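A.B. asks: Encoded as structure tokens, here's the structure I'll be asking about.
Here, each number is a calculation from the coordinates, and none is a lab measurement. Only a predicted model underlies this, so the values are computations on that prediction, with no experimental measurement involved. Here the Cβ is made from the backbone with ideal geometry for all residues, glycine too, and neighbour counts use every protein chain on show.
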Amino acid sequence: MTRETGTGKYEQALSRCRNLDPVSTAVAHPCDETSLAGVVEAHSKGLITPILVGPVAKIRDVAARHGIDIGKFRLVDAPHSHAAAAQAVELVRQGEAELLMKGSLHSDELLGAVVARETGLRTARRISHAFIMDVPTYHKVLLVTDAAINIAPTLEDKVDICQNAIDLMIALGKHTPKVAILAAVETVSSKMPATIDAACLCKMADRGQITGAMLDGPLAFDNAISSEAAQIKGIRSEVAGDPDILLVPDLEAGNILAKQLTFLANADCAGIVLGARVPIILTSRADSVRARGASCAVAVLAAHARRRGLQATV
């Protein structure tokens, strides 16, 4: 399995956005060069129509100091990062924005406004995070969830985490995505709760409690990713060796996995939050230019899928 030549995995997502209208996006507290430059880049690619929410004088000062042109963008004044997060969420609630994007504030500040009971963007689903990864040694885009929000998810939490990821992959054009539910081993054991959760999730999919995908688990990482490893262990599975989604047992496992792929396998890693009323673009200052663009493109595709009614909470 080698890196795709010609059009890369992320570039395929960007190419699917070319005939789509830009999506109105509330950007919370874009008060440094990285966050402002990312907004301008996404706008220049025709992905988003930004609304910059934060201390207007500071945003304009940062733009002027770094030669970033924000003259075309709407600015909404908010005195500090907490207020900017709340105001950006309110713009979504009022229907003025279809996407929410993190600026230079901490993720917890933005997500705190998102999950606020009376004023946030909650749905019936649990909010979860997905890393959309371009791994050079894997043959397609790989989604890892949840590696950033749910620390020790229950079985019921994992149902929502799984369904959020499935809906996103469908929005990206993948019909019947394959979900590998990871554990340390591929056999069910009462001593390893992650294996029991995996078995339950598969049976729940059989009974229609999880829809739109093909699930298998528990699978250890080697036989989830490698069909040869699965064959050696006598595992017969249409998922093994070809998953679109890796559902991890908890946040620590997922975060370690995503960072291993990034720093040892040179993967690009785009981030998005799912399960709220709108997709949330959660970028990091450490993200590459490709990854930032991919995060926006994935969110745009999800927003357009919502317009078409393909899913309720992506």
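A.B. asks: Fully extended, how many nm does the chain gain between I256 and L155 (0.36 nm per residue separation, minus their Cα-Cα distance)?
C.D. replies: Working: separation 101, 0.36 × 101 = 36.36 nm, distance 2.09 nm.
Gain on stretching I256 to L155: 34.3 nm.
A.B. asks: Any of K45/K174; K158/K259; K58/K158; K102/K191; K102/K140 with alpha carbons more than 31 Å apart? Name them for me. Walk me through the intermediate numbers first.
C.D. replies: Working: K45/K174 23 Å; K158/K259 21 Å; K58/K158 41 Å; K102/K191 40 Å; K102/K140 27 Å.
Distance filter (> 31 Å) returns K58/K158; K102/K191.
A.B. asks: In whole angstrom, note down how far apart the Cα centers of the range 21-58 and the range 218-284 are.
C.D. replies: Computed from Cα coordinates, the inter-centre distance equals 30 Å.
A.B. asks: Please give the length that would be gained between D32 and D77 if that part of the chain were fully extended, namely 0.36 nm times their separation in residues minus their C-alpha to C-alpha distance (nm, one decimal).
C.D. replies: Answer, rounded to one decimal: 14.6 nm.
A.B. asks: Normalised by the empirical 2.2 N^0.38 Å for globular proteins, what value does the Cα Rg of the range 47-91 take? Working shown, then result.
C.D. replies: Numbers: Rg = 10.7 Å, N = 45, 2.2 N^0.38 = 9.3 Å.
After normalising by residue count via 2.2 N^0.38 Å, the value is 1.14.
A.B. asks: For the chain, compute Rh as the Kirkwood radius over C-alpha pairs and then the Stokes-Einstein diffusion coefficient at 10 °C and 1.306 mPa s; write the answer in µm²/s, rounded to an integer. List each step's numbers first, then the result.
C.D. replies: Details: Rh = 19.8 Å.
Using the Kirkwood radius from Cα pairs, D works out to 80 µm²/s.
A.B. asks: Another question, if that's okay. For a quick protection proxy, order the peptides 51-58, 184-191, 18-25 by their average other-Cβ count within 10 Å, most packed first. It would help to have the intermediate numbers written out before the result.
C.D. replies: Values: 51-58: 21.2, 184-191: 13.1, 18-25: 16.2.
For the peptides 51-58, 184-191, 18-25, the packing ranking is 51-58, 18-25, 184-191.
A.B. asks: Set the Förster distance to 30 Å, then compute FRET efficiency between R122 and T176 from the Cβ-Cβ distance, nearest 0.05. Intermediate results must be reported in sequence, preceding the final value.
C.D. replies: Values: r = 29 Å, r/R0 = 0.95.
Between R122 and T176 the formula returns 0.55.
A.B. asks: Output the 0 to 90 degree angle, nearest 10, between the alpha-carbon long axis of helix 289-307 and the longest principal axis computed from the alpha carbons of the chain.
C.D. replies: It works out to around 80 degrees.
A.B. asks: While we're on this one: If a/c stays under 1.5 just call it rounded; otherwise compare a/b with b/c (prolate if a/b is bigger, oblate if not). Do that for the range 140-207, with a ≥ b ≥ c from the square roots of the Cα gyration tensor eigenvalues.
C.D. replies: Values: a/c = 1.81, a/b = 1.57, b/c = 1.16.
Since a/c reaches 1.5 and a/b is larger than b/c, the shape of the range 140-207 is classed as prolate.
A.B. asks: Determine which residues of the range 151-192 fall in the zone a paramagnetic label at L20 would reach in this model, i.e. backbone nitrogen under 19 Å from the point 7 Å along Cα→Cβ.
C.D. replies: 164-177
A.B. asks: Run through the DSSP bridge list for the chain and note the antiparallel percent, rounded to the nearest 5. Walk me through the numbers on the way to the answer.
C.D. replies: Numbers: 12 of 38 bridges.
So the antiparallel bridges amount to about 30 percent of the total.
A.B. asks: Explain nothing, just compute: Karplus ³J(HN,Hα) = 6.51 cos²θ - 1.76 cosθ + 1.60, θ = phi - 60°, for every residue of the range 270-282 in order, whole Hz, x for Gly and Pro.
C.D. replies: Each residue's phi maps through the Karplus curve to give 9, x, 8, 9, 10, x, 8, 5, 9, x, 10, 7, 10 Hz.
A.B. asks: Quick one: helix 155-171 against the long Cα principal axis of the chain, what's the angle to the nearest 10°, folded into 0 to 90?
C.D. replies: Helix 155-171 sits at roughly 70 degrees to that axis.
A.B. asks: Show that you can apply the helix-only estimate: for the chain, add -39,500 (n - 2.57) for every DSSP H stretch of four or more residues, divide by all residues, and state [θ] at 222 nm to the nearest 500. Numbers along the way, then the final one.
C.D. replies: Numbers: 11 runs with 127 residues, N = 314.
Mean residue ellipticity at 222 nm (helix-derived): -12500 deg cm²/dmol.
A.B. asks: Report the relative contact order of the range 124-275, percent, no decimals, based on alpha-carbon pairs under 8 angstrom and at least 6 residues apart. Before the final figure, lay out each step's value.
C.D. replies: Working: 315 pairs, mean separation 56.1, N = 152.
Dividing the mean separation by the residue count of the range 124-275 yields 37 percent.
A.B. asks: If the elastic network links every pair of Cα atoms under 10 Å, which of V89, V239, V289 fluctuates the most in the Gaussian network model of the chain?
C.D. replies: Between V89, V239, V289, it is V289 that shows the largest mean-square fluctuation.
A.B. asks: Provide S81, S15, S35 in ascending order of the number of other Cβ atoms located within 10 Å of each residue's Cβ, fewest first. Write out the running numbers ahead of the final one.
C.D. replies: Values: S81 19, S15 11, S35 24.
Neighbour counts put them in this order, fewest first: S15, S81, S35.
A.B. asks: Okay, next question. So what's the range 124-275 giving for Cα Rg divided by 2.2 N^0.38 Å, two decimals?
C.D. replies: Values: Rg = 13.9 Å, N = 152, 2.2 N^0.38 = 14.8 Å.
That ratio works out to 0.94.
A.B. asks: May I pose another question? Bin width 10 Å, alpha-carbon pairs only: give the P(r) of the range 58-153 as whole percents, running from 0 to the bin holding the largest distance.
C.D. replies: Computed distribution, short to long bins: 12, 35, 30, 20, 3.
A.B. asks: Can I ask one more? I need the P(r) histogram for the range 93-141: all alpha carbon pairs, bin width 5 Å from 0 out to the longest distance, whole percents.
C.D. replies: Result, from short to long distances: 4, 14, 20, 23, 14, 10, 9, 5, 2 percent.
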